[in-house]
Amino acid sequence: MRTLTVAIGGFGAIGATVAERLDQGIEGLELVAVSARDVEAARARMAARLARPVPVLPLAELASRAEIVVECAPAAQFRAIAEPAVRAGRILMPLSVGALLDHLDLVDLARASGARILPPTGALLGLDAVRAAAEGTIRSVRMITRKPPAGLAGAPYLLERGIVLDGLREPVRVFTGTAREGARGFPANVNVAAALALAGIGPDRTRLEIWADPSVTRNTHRIVVEAEEASFEMTIANVPSAENPRTGKITALSVVAALRRLTAPLLVGT
């Protein structure tokens, strides 16, 4: 089996965990570079967690070093990582799926360059069932997200409207609208809604509710799908990352699972 090289754009809670798993060894994959805003901090983190540290490079150089580029940086840096990777015909694995909705020209660029854009499932579940239902006729898709108030702190939608969640004692619905609107207003919180929309009926037909709920300790997503071939509901409650409460621990593991699928001799699920 030929070994595929991997670079990681963003070295926070998700990127560091993925790098650690690659460093421990995944058949057919080799970590060759990372990128980080704070180069010295990234080097220190690698020295503490990786047996084989790799170079810390500028975002634009990742695509020249690796066949697979994992994007797990703040949404504002999405294009700087994604476009060079797509132009170079690489496999792009983006976590900022909400940002992808505003850069869908990259899909046409990938078609021309031979690149592949493969968003992992992330902190969601059931995208295989949604993709299957989308081969038929889906009537509606709705997602209800509940997060501890701290997990929503700093969201642009809340800041623009002066919504303060400090001291909240009861659940409050802070957003209702389309997945596209939610991804723009909560770029660090609901990339899962964008992934759900792309797997199903699109970002303008997928409905989203976001609740700030002081009674929950986990980031919870409930999906309700009505289709001609099946109707189903799914709920997942993710343990927040200690480093970044806006994301769940399972998100990094989803990236690792998606990377394994690129070289695995046996694939289970659609």
Condition met for Leu266 (part of a helix (DSSP H, G or I) and either at pLDDT 95 or above or surrounded by fewer than 17 Cβ atoms within 10 Å (Cβ to Cβ) (or both)): no
Residue in the range 222-231 that is surrounded by 21 or more Cβ atoms within 10 Å (Cβ to Cβ), outside any loop (DSSP other than H, G, I, E, B) and among the polar types (S, T, N, Q) present: no
Matching entry among Arg146, Arg180, Arg131 (being touching a residue at least 60 places away in the same chain (Cβ under 8 Å), of a type in the set (Lys, Arg) and closer than 15 Å to Asn219 by Cβ): Arg146
Filter result for the condition that a residue is part of a loop (DSSP other than H, G, I, E, B), within 23 Å of Arg205 (Cβ to Cβ), among the hydrophobic types (A, V, I, L, M, F, W, C) and touching a strand residue (DSSP E or B) at 6+ places or on another chain (Cβ under 6 Å), over Ala123, Ala133: Ala123
Test: residue in the range 205-217 that is in contact with a Phe, Trp or Tyr (Cβ under 6 Å, 6 or more places away or on another chain) and under 22 Å from Pro119 (Cβ atoms): yes
The one condition in (1) open to solvent by 30 Å² or more (accessible area, probe 1.4 Å); (2) outside any helix (DSSP H, G or I); (3) more than 21 Å from Ser241 (Cβ to Cβ) that Val141 fails to fulfil: (1)
Check on Val107, assigned to a helix (DSSP H, G or I), within 24 Å of Arg184 (Cβ to Cβ), open to solvent by 20 Å² or more (accessible area, probe 1.4 Å) and in contact with a strand residue (DSSP E or B) (Cβ under 9 Å, 6 or more places away or on another chain): yes
Qualifying positions in the range 32-47 - open to solvent by less than 20 Å² (accessible area, probe 1.4 Å) and closer than 22 Å to Ile91 by Cα: Ala33, Val34, Ser35
Matching residues in the range 1-17 - criterion: being touching a strand residue (DSSP E or B) at 6+ places or on another chain (Cβ under 6 Å) and open to solvent by less than 40 Å² (accessible area, probe 1.4 Å): Leu4, Thr5, Val6, Ala7, Ile8, Gly9, Phe11, Gly15
Answer residue from the range 232-248, given it is buried (at least 20 other Cβ atoms within 10 Å of the Cβ) and of a type outside the set (Ser, Thr, Tyr) and is nearest to Pro120 (Cα to Cα) among those: Gly248
Given (1) modelled with pLDDT under 95; (2) under 17 Å from Thr270 (Cα atoms); (3) out of contact with any Ser or Thr (no Cβ under 8 Å at 6 or more places or on another chain); (4) crowded, with 24+ Cβ neighbours inside 10 Å, index of the condition Val130 fails: (1)
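Please pick out the residue among Pro187, Pro214 that is open to solvent by 30 Å² or more (accessible area, probe 1.4 Å) and at pLDDT 95 or above.
The conditions single out Pro214.
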Residues of the range 84-104 classified as charged (D, E, K, R) and open to solvent by less than 20 Å² (accessible area, probe 1.4 Å), total: 0
Qualifying residue in the range 191-202 (condition: open to solvent by 50 Å² or more (accessible area, probe 1.4 Å), within 19 Å of Leu127 (Cβ to Cβ) and in contact (Cβ under 8 Å) with a residue 40 or more places away in the chain): yes
Segments classed as helices (runs of 4 or more DSSP H), wholly inside the range 1-102, with at least 2 members that are touching a Ser or Thr at 6+ places or on another chain (Cβ under 8 Å) and at pLDDT 95 or above: 62-65, 78-87
Meets criteria (of a type in the set (A, V, I, L, M), in contact with a Cys (Cβ under 6 Å, 6 or more places away or on another chain) and buried (at least 22 other Cβ atoms within 10 Å of the Cβ)) for Ile81: no
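The values are calculated or read from the model by the stated rules, or taken from the named source; none is laboratory data. Only a predicted model underlies this, so the values are computations on that prediction, with no experimental measurement involved. Every residue, glycine among them, receives a Cβ derived from its backbone with ideal geometry; neighbour counts consider all protein chains shown. Protein only, heavy atoms only, side chains kept; ligands, DNA and RNA dropped before computing areas. Shrake-Rupley method; radii C 1.70, N 1.55, O 1.52, S 1.80 Å.
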